[in-house]
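Shown next, in structure tokens, is the structure this report addresses.
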Amino acid sequence: MRMVFRWYGEGNDTVSLEQIKQIPGVEGIVWALHDVPAGEEWPMDKIMAYKELADRYSLHLEVVESVNVHEDIKLGLPSRDRYIHNYQRTIEKLATVGVKTICYNFMPVFDWIRTDLYKALPDGSTAMFYEKAKVDSMDPQELVAAIAANPDFSMPGWEPERLRRLAPLFEAYKGVTTEQLWENLRYFLEHIIPVAESSDIKMAIHPDDPPWPVFGLPRLMTSQANLRRLLSLVDSPYNGITLCSGSLGANPDNDIVSMVHEFAGRIPFAHIRNVKVYDNGDFIETSHRTEDGTVDIAGIVRAYSETGFTGYVRPDHGRHIWGEHCRPGYGLYDRALGIMYLWGAWDAAQRERRERKEKSK
């Protein structure tokens, strides 16, 4: 298990590389060029600027999250080939600075959805919250206004240029069925994976967050069966999964431990976080500790140990604690605490594994 930490860049993150370097076991940053619009080829000078910063602190940048997929690709429009070409060139450029994994998603319009970015928890901390009844009844524009009311930090997946086109985007998706979206994903992968293979970069799709259709938009990466189908679209070790326990765990029917075992070898990158799911479908993000949520975090880490996982892991969304002013879900303190919980669970699982081997001799 190789621990990494998401970082939004100099001047765009409340957490510094100096602080990240001091978290035990963290070896690299998870990064992206957040100022480059989806579909555009990433400029080499901006890529190199990140490398120079990471090198200064002896941190690698082997994981990128995300090279965003343009909506025209998801919609299957004739213009998609131009954007796919830009994506291919970006993959080749990233290979030159040592990138090994690209996390991306194929969610129409919205990357992730929450109704409250700072919902209070009983202990006085705050966390991102999803209220199902509100989403089921609200106009998408209301949600956009709520997210835009957080002006201090950029919100990946909620870029202003995309949200300004919200009405025409929803109109465009009216004719896109779930099966058509699957075919558009297949087309994308058939053009991308050969370039990923030749560049030795593994593509790792992120599950939909939450893992069900929202606002009438189709969603694909929602279940174990659908992840299995994704891997069969292009059967290559370079077509993989970013297994996010929090996104998939919002649906208690999803067995993340089973997914780790089934998809071992096709998970180059994992997000490990916890959520507490309520009977009415609401959920809130919690600490990484198993007992604080609904997701069996300790069991998931044990499954990674049992399958000999050697991929990248990062703590995902954390709570906002100790008065920290930070991007929602991406402060320093709770994610650093999460890392130490994950290391503790990993060390215990590895010791248990070694002891079983000794006994079997």
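Bear in mind that the values in this text are calculations on the coordinates, not laboratory data. Keep in mind it's a predicted model, so treat the numbers as computed, not measured. Cβ sites come from the backbone with ideal geometry, for glycine too, and all protein chains shown count toward neighbours.
Counting only DSSP H runs of at least 4 residues, each contributing -39500 (n - 2.57), and dividing by the residue count of the chain, the helix-based mean residue ellipticity at 222 nm comes to -12500 deg cm²/dmol. Taking all Cα pairs closer than 8 Å and separated by 6 or more residues, the relative contact order of the chain comes to 17 percent. Net length available on complete extension from D116 to H34 is 27.2 nm, with 0.36 nm assigned per residue and the Cα-Cα distance removed. Computed from the Cβ-Cβ distance with R0 of 56 Å, the FRET efficiency linking N280 to T96 stands at 0.70.
Pairs exceeding a 29 Å alpha-carbon distance, out of K276/K357; K21/K74; K51/K132; K132/K174; K93/K132: K276/K357; K21/K74; K51/K132; K93/K132.
Simple rule: put +1 on each Lys or Arg Cβ and -1 on each Asp or Glu Cβ in the chain, find the dipole, and look at F269, N105, T115; the Cα lying farthest toward the positive end is F269. Translational diffusion of the range 45-128 was estimated from the Stokes-Einstein equation, with Rh taken as the Kirkwood radius over Cα pairs; at 20 °C and 1.002 mPa s the coefficient is 136 µm²/s. Can you work out the base-10 log of I(q)/I(0) for the chain at q = 0.15 1/Å, using the Debye formula on its C-alpha atoms alone? Those come out to -1.49, one per q. Which residue, H34, S360, L337, has the largest displacement toward the positive end of the dipole of the chain when charges sit on each Cβ (Lys, Arg +1; Asp, Glu -1)? Farthest towards the positive pole: S360. For the range 327-341, backbone phi angles converted through the Karplus equation (6.51, -1.76, 1.60; θ = phi - 60°) give residue-by-residue couplings of 4, x, x, 10, x, 7, 5, 6, 6, 5, 4, x, 4, 5, 5 Hz, Gly and Pro being listed as x. If you count the DSSP beta bridges with both ends in the chain, what percent of them are antiparallel, to the nearest 5? So the antiparallel bridges amount to about 25 percent of the total.
Amide hydrogen proximity for V313: with H placed 1.01 Å from N in the peptide plane, the residues at 5 or more positions away or on another chain lying under 5 Å are R2, M3, V4, A270. Extension gain for M48-D255 works out to 70.5 nm (0.36 nm per residue, less the C-alpha to C-alpha distance).
For every other residue with a beta carbon closer than 12 angstrom to the beta carbon of H261, add +1 if it is Lys or Arg and -1 if Asp or Glu, then tell me the sum. The answer is -1. Ordered by the count of other Cβ atoms within 10 Å of each Cβ, fewest first, T294, T90, T96 give T96, T294, T90.
Here the convex hull built on the C-alpha positions of the range 265-338 has a volume of 112 cubic angstrom per residue. Magnitude of the charge dipole for the chain, about its Cα centre and with charges confined to Cβ atoms of Lys, Arg (+1) and Asp, Glu (-1), is about 860 debye. Set the Cα radius of gyration of the range 295-361 against 2.2 N^0.38 Å, with N its number of residues, and you get 1.39.
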